[in-house]
1. May I ask you to list the aspartates and glutamates whose Cα is less than 18 Å away from that of LYS403, ignoring any residue fewer than eight positions away on the same chain?
2. What angle do you read, to the nearest 10 degrees and between 0 and 90, between the alpha-carbon axis of helix 174-184 and the longest principal axis of the chain?
3. Which part of segment 209-228 falls in the paramagnetic zone of LYS426, meaning amide N under 18 Å from the point 7 Å along Cα-to-beta-carbon?
4. At 1.4 Å probe size, with every protein chain present, just tell me what the per residue accessible area of segment 323-392 comes to in Å².
5. Shape verdict for segment 287-426, please, from the Cα gyration tensor: rounded (a/c under 1.5), prolate (a/b greater than b/c) or oblate.
6. Ignoring ligands, DNA and RNA, what percent of the accessible area of the chain is carbon or sulfur (1.4 Å)?
7. For a quick size check, give me the Cα extents of the chain along its three principal axes, largest first, whole Å.
8. DSSP loop (so not H, G, I, E, B), at most 11 other Cβ within 10 Å: list which trypsin sites (Lys or Arg not before Pro) in segment 39-107 pass both filters.
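The values are calculated or read from the model by the stated rules, or taken from the named source; none is laboratory data. Bear in mind the structure is a predicted one, so any value in this text is a computation, not a measurement. Heads up, the Cβs are rebuilt from the backbone with ideal geometry, glycines too, and the neighbour counts pull from every protein chain shown. With ligands, DNA and RNA removed, areas are computed over all heavy atoms of the protein, side chains included. Shrake-Rupley method; radii C 1.70, N 1.55, O 1.52, S 1.80 Å.
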Amino acid sequence: MSISRRHLLGGIAATAVLSACGSNSGDVDNGSANASSRTGTAKLTQWYHEYGEKGVRDAVQRYAADYKKSEVSVKWNPGDAYMKLLSTTLLSGSGVPDVFESENGATLDMIQQGQVTDLTELIGDDKDKFSSRVLDRMTLDGKIYAIPMAVDMQMLYYRPSLLEKAKVSAPKTFAELAEAAKAVKTDSMGGFFAGNDGGLGVLANQIIWSSGLEQLNSERTDLGFLEKEFFDAVTAFREFFTSGALLHSASKDWFDASPFVNEETAMQWGGLWSLNDVKKKWGEDVGAVAFPAFSSTGRQSVPFGAFGSCVATVGANNDVEAAKAFNRWLWIDQTDKQVDFADSYGTHVPARTDLVSQATQISEGVGKQAATMVDECGHASDLFWTSAIAEAFNAALTNVVKKGAEPRKAFDQVRRTARTELERVKK
């Protein structure tokens with residue numbers, strides 16, 4: 001199964017702590033052509049997950065072959081369990097890659113177990129060249145454990161012509177979204193679509209962030225959103241869920257633009273990766289906004305994800321300095337390769353803000369707006385938002401929205417789970 005870069009944004013939340021399982025499989029490709037012209041003798045292994053976009057595999061092999069100070073072998077890992085495979089390999093200590101990509105940077109487990117190298121000094125003064133929101137997600141206690149590679153994000157697609165015909169504006173508040181969805185809905189077209197679960201998965205964290213709140217408190221000892229603003233937002237979402245303006249079932253799920261392209265829905269929550277498909281169908285009749293604010297104290301928000309390139313503390317070739325040098329060369333010094341990686345294989349945002357203007361697919365219109373959204377209102381799941389907390393949160397949200405459970409009571413259980421989890425993982 002091929003996985004596009006949207007994979008790390010496709011779940012309910014990023015898993016900060018992984019349960020290791022899986023087998024060490026995948027084919028190895030040697031990206032070290034022209035080895036005789038190299039000035040160094042170090043050998044390195046670099047891991048990628050299998051990207052769905054055509055051409056990525058050839059590109060990363062080409063990047064590795066261009067590096068002359070070490071011989072870099074690229075391992076391309078097919079399948080949809082890359083992070084579990086990576087976790088298993090790091091725990092086993094056998095066949096550990098010297099350099100590897102990880103969803104949203106190193107996981108909490110990797111950092112706490114000493115499996116990844118601190119790259120703060122390696123990045124040095126170049127820190128300011130990266131999107132601060134993206135780099136912050138790869139930082140713990142002031143130490144940076146990964147270099148961002150490229151950014152994916154989600155947003156709300158709409159057709160200006162349909163909204164104009166219905167005499168409504170692009171929504172900036174959730175009330176405006178509900179109003180617009182009702183206004184543009186027809187007998188054959190839904191008003192708004194965010195997944196075949198009614199948006200309960202992909203929009204779960206947006207309910208927190210667009211309420212103006214955070215997943216965890218500043219000390220990371222408790223939930224940070226159990227306030228009136230959040231409960232009001234959940235209630236508003238439940239009303240919208242049952243209003244008839246929210247499309248609950250479509251030919252594809254939210255991460256595929258087909259429902260929007262095929263006129264199954266007038267508005268759709270989707271990913272930047274779908275922009276080319278959307279523009280191919282609708283041309284200039286395309287607009288996009290962040291997820292609307294729930295109230296005057298809320299804010300517009302978009303989720304983003306970025307794979308980060310990490311260096312193992314004890315890689316297969318046991319040469320941390322050579323691995324760090326290659327990591328810096330590729331993801332900091334080689335700006336042409338970074339633009340190519342983000343812009344030539346699907347639509348993505350370069351992790352470095354100073355390179356955004358060089359990415360042709362986001363140089364204007366909706367693409368340019370999307371890149372701006374990441375820096376202005378982008379969010380990623382907290383490093384300590386573990387899979388157990390995420391699962392408890394989504395179960396509670398489902399019980400409230402679909403089954404009518406009382407919000408405060410439902411989320412009390414989430415708080416108990418969160419406190420237990422945070423006490424366990426904080427060391």
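1. ASP197, ASP232, GLU239, GLU391, ASP412
2. 70 degrees
3. The answer is 214-226.
4. So segment 323-392 comes to 33 Å² accessible per residue, rounded to a whole number.
5. Oblate shape, in that a/c is at least 1.5 and b/c is the bigger or equal ratio.
6. Carbon plus sulfur share of accessible area: 45 percent.
7. 66, 50, 38
8. For trypsin sites (Lys or Arg not before Pro) across segment 39-107 that sit outside H, G, I, E and B with at most 11 neighbouring Cβ atoms in 10 Å, the list reads LYS54.
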